[in-house]
Amino acid sequence: MTVITCIDDLKRLHKRRTPKMFYDYAESGSYTEQTFRENTTDFAQIRLNQKVAVDMTGRSTQGSLLGKSHAMPLALAPVGLTGMQRADGEIKAAKAAEKFGVPFTLSTMSICSIEDVAENTNAPFWFQIYTLTDDDYNRKVLERARAAGCSALVITVDLQLLGQRHKDLKNGLTAPPKLTLPVMLDLATKWRWGLEMLGTKRRFFGNIVGHVESAADPSSLASWTAEKFDQALNWDRIKRLMDMWGGKVILKGILSPEDAELAAATGADAIIVSNHGGRQLDGALSSIRVLPSIVSAVGDKTEVWLDSGIRSGQDVLKALALGAKGVMIGRAYIHGLGAMGEPGVTRALEVIQKELDISMALTGEKRIEDLGRHNLLIPNGFFDTYN
Ligand SMILES: Cc1cc2nc3c(=O)[nH]c(=O)nc-3n(C[C@H](O)[C@H](O)[C@H](O)COP(=O)(O)O)c2cc1C
């Protein structure tokens, strides 16, 4: 039995147990992957300030998102094709999140449908929408999310078109995979994945196939996205979508104070400082580097959260100490899922919570609300190297 001590352990198992096409889909960024890499290396540049001889009894990682208390102020980010990392992956991740006490977000581009997740969980989850040109689809999918009891809508604003990931093109990424010779040779070493996949009916884009008329083949993410995603999306359209939903809204994919002001002006309940895990604009700054400027611009108008690059509880602490009210994790839980299914997602959450708890104790903090700039040591010029 492998002893899992950190997210990297889960990542190694994920790579070993999942078809190359889907592991690569998760563990890559767009173009040169500069932003993807810097999301994590920038976190590593920030250090923690040790504080000794402080009573550390009675600590808690409890924190709130959108006014609701959770085991940590952390949610599972929307991740497309999660049900290709493991059979029924979205259901497994949502169950783990529910048992742990953190929110789960279902992507538009999921394999399990909104209804599949709702039927297999009790806690309300969040739904993430990619806006399509087809308003009829947008309206219907929001109705489905409402009927399933989704308690918030995440509108992703940084993907009107797809940043290119070289590996996806080279691997011929589709869901389900096309059985070419290289794919079959790869699958021969991933037999457990294959057996589980044979045991489920959920192998297509569950929120798309059967719900939208398509000229392009929906199994091909790149061509389908190019054809259907709304390149004309603007703030008016975002506002209209928010009105169509009528409930809590989180705007995901903000990277500058100017866009944050526009996002806050829509009345969004939260915004997520995010570069989509380095998968969209290669060359953009890491989320952690731009966080403080966005918190000072709109932190009193809306909840500011962060994602992109979080691989540990120490990273969570750093983001919260720099003013984020909450965080999302993407790959950190996907590695858990690909490694071990539902228990792997639970393990990822346990690892991060334990790291957060121990790091809080050693920085002399007992409560999430007390974390602040005083807990950090930051290289001079870190936030204003770029203008
Ligand atoms: C494999 C993969 C698929 C993703 N799919 C979506 C998606 O469907 N919708 C979305 O809003 N964001 C998507 N994202 C971005 C995540 O929601 C999140 O912003 C990102 O993973 C955070 O970075 P991290 O992976 O370093 O934690 C995806 C990310 C990954 C890694």
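Restricted to segment 76-105, and to residues that are of a type in the set (Gly, Ala, Ser) and buried (at least 24 other Cβ atoms within 10 Å of the Cβ), which residue is nearest to the ligand (Cβ to nearest atom)? Reasoning before the result, please.
If we filter segment 76-105 for residues that are of a type in the set (Gly, Ala, Ser), which is where we start, we get 77, 80, 83, 87, 89, 93-94, 96-97, 101.
Still in the running and buried (at least 24 other Cβ atoms within 10 Å of the Cβ): 77, 83, 89, 93-94, 96-97.
Working: ALA77: 3, GLY83: 12, GLY89: 11, ALA93: 12, ALA94: 15, ALA96: 16, ALA97: 14 Å.
If we take residues in segment 76-105 being of a type in the set (Gly, Ala, Ser) and buried (at least 24 other Cβ atoms within 10 Å of the Cβ), then ALA77 is nearest to the ligand (Cβ to nearest atom).
When you go through (1) of a type outside the set (D, E, K, R); (2) surrounded by 12 or more Cβ atoms within 10 Å (Cβ to Cβ); (3) touching a helix residue (DSSP H, G or I) at 6+ places or on another chain (Cβ under 7 Å) one by one for PRO379, which number turns out not to apply?
(2)
Of the residues in segment 164-201, how many are in a loop (DSSP other than H, G, I, E, B) and either buried (at least 19 other Cβ atoms within 10 Å of the Cβ) or without any contact (Cβ under 8 Å) to a residue 60 or more places away in the chain (or both)?
10
For ILE272, are the conditions met, namely being assigned to a helix (DSSP H, G or I) and within 16 Å of the ligand (Cβ to nearest atom)?
no
Mind listing whichever residues of segment 21-32 are within 12 Å of the ligand (Cβ to nearest atom) and either surrounded by fewer than 20 Cβ atoms within 10 Å (Cβ to Cβ) or in a loop (DSSP other than H, G, I, E, B) (or both)?
Kept after step one, since they are within 12 Å of the ligand (Cβ to nearest atom), are these residues of segment 21-32: 21-30.
Residues satisfying the conditions are ASP24, GLU27, SER28, GLY29, SER30.
If you check GLY247, GLY283, GLY277, which single one turns out to be more than 26 Å from ASN380 (Cβ to Cβ), in contact (Cβ under 8 Å) with a residue 60 or more places away in the chain, small (Gly, Ala, Ser) and more than 16 Å from the ligand (Cβ to nearest atom)?
Working: GLY283 fails: more than 26 Å from ASN380 (Cβ to Cβ); GLY277 fails: more than 16 Å from the ligand (Cβ to nearest atom).
Answer to the check: GLY247.
Read-outs throughout are calculated quantities, based only on the coordinates presented, and are distinct from any laboratory measurement. Everything numeric here is computed off the predicted structure, so don't read it as measured data. As a convention, Cβ positions derive from the backbone with ideal geometry for all residues, glycine included, and neighbour counts pool all protein chains shown.
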